[in-house]
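The values are calculated or read from the model by the stated rules, or taken from the named source; none is laboratory data. Since the model is a prediction, treat every value here as computed from it, not as a measurement. So basically every Cβ, Gly included, is an ideal-geometry build from the backbone, and we count neighbours across all protein chains shown.
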Amino acid sequence: MINFENVSMEYRNGTAAVNNVTLKIEDGEFVFLVGHSGAGKTTLTKLMICEERVSSGKLEVNGYHLEKIHSWSIPKLRRTMGVVFQDFKLFDKMTVYENVAFAMRVVGAKPSLIRKRVPFFLDVVGLSLKADSFPNELSGGEQQRVAFARALVNNPHTVIADEPTGNVDVDLTEDIMELLLKINKLGKTVIVVTHDMNIVNSYKKRVVRIEQGEIVSDKTGGDFEQ
Ligand SMILES: Nc1ncnc2c1ncn2[C@@H]1O[C@H](COP(=O)(O)OP(=O)(O)OP(=O)(O)O)[C@@H](O)[C@H]1O
Ligand SMILES: [Mg+2]
């Protein structure tokens with residue numbers, strides 16, 4: 001469960017990115033988080049993985065209370081979250097295989113499990129043939145799929161995808177959305193950050209809209225304007 005209670009967050013330079021947000025996402029939900037550029041979508045995701053800390057209010061994520069979490073518990077929290085970052089955050093000097101395997105090594109997975117799971121998830125995202133390529137040898141959409149494999153490989157409870165369809169064509173957009181729906185059917189909570197209302201309107205899911213750091217609407221189904 002993810003529960004924001006009156007959460008505000010200010011960056012060090014004084015930018016108030018999140019203002020008094022109250023938002024509850026139950027286990028197993030599928031939620032679109034929408035809003036214009038600069039609205040605070042990525043900041044909300046960073047708060048959920050404790051990459052940024054809340055300035056005030058309470059935030060509970062998968063049983064962890066992030067307004068008072070100790071730094072040694074943050075890796076445990078992050079193991080419950082699979083995140084596909086807006087800028088992918090791949091390691092340039094590691095191959096596709098190594099990028100995905102590394103995510104398992106840092107959580108102490110056994111080598112035998114790594115050898116089994118990495119090829120499986122590379123296959124899921126259709127990149128088996130690119131296992132030995134480096135990120136700079138891949139297209140934007142392929143890099144994104146590496147990021148997906150990496151987000152899924154530790155079997156997280158919650159998956160967050162920040163603009164997962166920003167760099168890909170229409171066909172791949174559908175593939176990625178189908179993958180996210182499949183992940184959700186497996187029982188995982190899925191949060192998709194996007195400003196593409198065509199995608200949002202194609203799937204009748206819960207839509208939370210944030211503008212200037214505030215939640216301005218929260219409803220399910222229906223047609224949403226850009
Ligand atoms: N590291 C930072 N330091 C200071 N201000 C920041 C930082 N990152 C983001 N901001 C500011 O915080 C606000 C929210 O930014 P955020 O990245 O959350 O927006 P977003 O909704 O994800 O936008 P986009 O759709 O363009 O990705 C913006 O005003 C932005 O300029
Ligand atoms: Mg963003």
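Taking the stretch 158-175 as the range and being in a loop (DSSP other than H, G, I, E, B), more than 16 Å from ligand 2 (Cβ to nearest atom) and within 23 Å of Met94 (Cβ to Cβ) as the test, only Val168 passes. Criterion applied to Gly126, Gly140, Gly166 was being of a type outside the set (Asp, Glu), farther than 27 Å from Cys50 by Cβ, within 20 Å of the chain's Cα centre (by Cα) and within 16 Å of ligand 1 (Cβ to nearest atom), and the one residue passing it is Gly140. Going by the conditions given, is Glu142 surrounded by fewer than 22 Cβ atoms within 10 Å (Cβ to Cβ), of a type in the set (Asp, Glu) and modelled with pLDDT of 95 or more? So Glu142 does not fit the description; no.
Pick from the stretch 1-17 the residues that are more than 18 Å from the chain's Cα centre (by Cα) and in a strand (DSSP E or B): which of them is nearest to Gly187 (Cα to Cα)? Steps first, please.
Residues of the stretch 1-17 more than 18 Å from the chain's Cα centre (by Cα): 5-17.
Narrowing further to those that are in a strand (DSSP E or B): 5-10, 16-17.
On the way: Glu5: 24, Asn6: 28, Val7: 27, Ser8: 30, Met9: 30, Glu10: 33, Ala16: 34, Ala17: 31 Å.
Per the criteria, the residue is Glu5.
Restricting attention to the stretch 176-223, the residues that are closer than 26 Å to Gly140 by Cβ, part of a loop (DSSP other than H, G, I, E, B) and within 16 Å of ligand 1 (Cβ to nearest atom) add up to 2. Among the residues making up the stretch 76-100, those that are without any contact (Cβ under 8 Å) to a residue 24 or more places away in the chain and either within 16 Å of ligand 1 (Cβ to nearest atom) or not basic (Lys, Arg) (or both) are Asp87, Glu98.
Consider the stretch 35-74. How many of its residues are part of a helix (DSSP H, G or I) and of a type in the set (Val, Ile, Thr)? Result for the stretch 35-74: 4. Return yes or no: is Val208 under 18 Å from the mean Cα position of the chain (by Cα), modelled with pLDDT of 95 or more and within 28 Å of Gly38 (Cβ to Cβ)? It is true that Val208 is under 18 Å from the mean Cα position of the chain (by Cα), modelled with pLDDT of 95 or more and within 28 Å of Gly38 (Cβ to Cβ).
If you scan the stretch 105-139, which residues turn out to be among the small types (Gly, Ala, Ser) and modelled with pLDDT under 95? Walk me through it before giving the result.
As a first pass, look at the stretch 105-139 and keep what is among the small types (Gly, Ala, Ser): 108-109, 112, 126, 128, 131, 133, 139.
Within the stretch 105-139, Gly108, Ala109, Gly126, Ser139 qualify.
Of all residues in the stretch 42-60, exactly one satisfies the criterion of being within 8 Å of ligand 1 (Cβ to nearest atom) and among the basic types (Lys, Arg), namely Lys46. Scanning the stretch 19-51 for residues that are on the phi > 0 side of the Ramachandran plot, in contact (Cβ under 8 Å) with a residue 60 or more places away in the chain and away from ligand 2 (no atom under 16 Å from the Cβ) yields a total of 2. Within the stretch 180-226, restricting attention to residues that are closer than 17 Å to Asp162 by Cβ and of a type in the set (S, T, N, Q), which residue is nearest to ligand 2 (Cβ to nearest atom)? Checking each candidate, the answer is Thr194.
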